[in-house]
1. Could you grab me the full set of residues in region A:15-73 that are assigned to a helix (DSSP H, G or I), in contact with an Asp or Glu (Cβ under 8 Å, 6 or more places away or on another chain) and more than 9 Å from every other protein chain (Cβ to nearest Cβ)?
2. What are the residues in region A:75-97 that are part of a strand (DSSP E or B) and either of a type in the set (Phe, Trp, Tyr) or within 18 Å of residue A:23 (Cα to Cα) (or both), if any?
3. Please go through region A:25-47 and pick out each residue that is buried (at least 17 other Cβ atoms within 10 Å of the Cβ), over 10 Å from the mean Cα position of the chain (by Cα) and either under 26 Å from residue B:69 (Cβ atoms) or of a type in the set (Val, Ile, Thr) (or both).
4. Of these, B:31, B:58, B:51, which one is assigned to a helix (DSSP H, G or I), loosely packed, with under 10 Cβ neighbours inside 10 Å and at pLDDT below 90?
5. Of the residues B:114, B:155, B:144, which single one is among the aliphatic types (A, V, I, L, M) and farther than 26 Å from residue A:24 by Cβ?
6. Within region B:115-165, restricting attention to residues that are over 22 Å from residue A:52 (Cβ atoms), at pLDDT 90 or above and of a type in the set (S, T, N, Q), which residue is surrounded by the most Cβ atoms within 10 Å (Cβ to Cβ)?
7. Do you know which of the residues in region A:78-104 that are polar (S, T, N, Q) and either within 13 Å of another protein chain (Cβ to nearest Cβ) or within 12 Å of the chain's Cα centre (by Cα) (or both) is nearest to residue B:142 (Cα to Cα)?
Amino acid sequence: MLIYVIEISNTASGGTWSFNTSKFNNAILKQIILSSASNDTTFDFRMTDDHNNYPIDTSVDGSSATGKMNKEVNIPLKGIYTIACLNSSADELFTGRLMIQEEN
Amino acid sequence: MFNNKRISELEIKFNDKIVLLTNHINEINTKLLKLPNIDIEFNKLKNEIEKRLIEFHKEITDKYFETLEKILRVNSESSLITALAHQVNQKDLSNLRSVLLKPFLEEKWKNEEIQKGFDVDKKLTTLGQQLIKMRKNLYDEMLIKEREGEDINEIKGKVEILNYIIGDKL
């Protein structure tokens, strides 16, 4: 088992930031850790796959975060994903990481 | 003989008048040169006033939205939690807060974009807001194309150029 880490360090503009991951073949997303610079900043997190589906979208499932997000998940990954932060109440720096388990 | 004398008298009178007129014209020219360049001064004043008005408007709008946000947050958290106590769960409150805040946040982002556009206008003397919007659209398009396995070199180049013009990266 290999652990692959995607580091996040993005500044929101107009309440949002986004970037693409590399292409996955045999991987599972296990954990999402994301923090805003201020403790009282509210924000949403969304992942979009190559068919415009949202495996995770906290703006829909009601799990918007304030200051910090720490989710344990079990989402299989295939292809390229867009990682995005939405509806941030402040345009500031976001840091964190996505922990991905890769099969050999 | 009489005519010659008359002509000479008239000539002298005429020359005197010409000299008078020339002096008068020279006087006027000197005065004109001394007048300050009023158009340039006026435009400078106009630009200064517009710049101050925009700064003042931005300051007032920022303070307004900051205060509104604080009021909403306090209102939604304290009054809803105490009034609905056990009937509403945390997820509903979180949704309600997002819904309440959203229109004000959207207005705030729109105004921030407009102000950002003004700053870009100063650098480029073109419609800065359109450039920023274009860059956001191109960036989103680039992410979609990359996800779907298409070639993004051309669109990536365009985004880089716009990043350079606007002065920051998305």
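The values are calculated or read from the model by the stated rules, or taken from the named source; none is laboratory data. Computed from a predicted model, the values in this text were never measured in an experiment. Positions of Cβ are generated from backbone atoms using ideal geometry, with glycine treated the same way; all protein chains shown enter the neighbour counts.
1. A:58
2. A:75, A:76, A:77, A:78, A:79, A:82, A:83, A:84, A:94, A:97
3. A:35, A:36, A:41, A:42, A:43
4. B:31
5. Result: B:114 is the single residue among B:114, B:155, B:144 that is among the aliphatic types (A, V, I, L, M) and farther than 26 Å from residue A:24 by Cβ.
6. Step by step, filter region B:115-165, then rank; the result is B:163.
7. That would be A:82.
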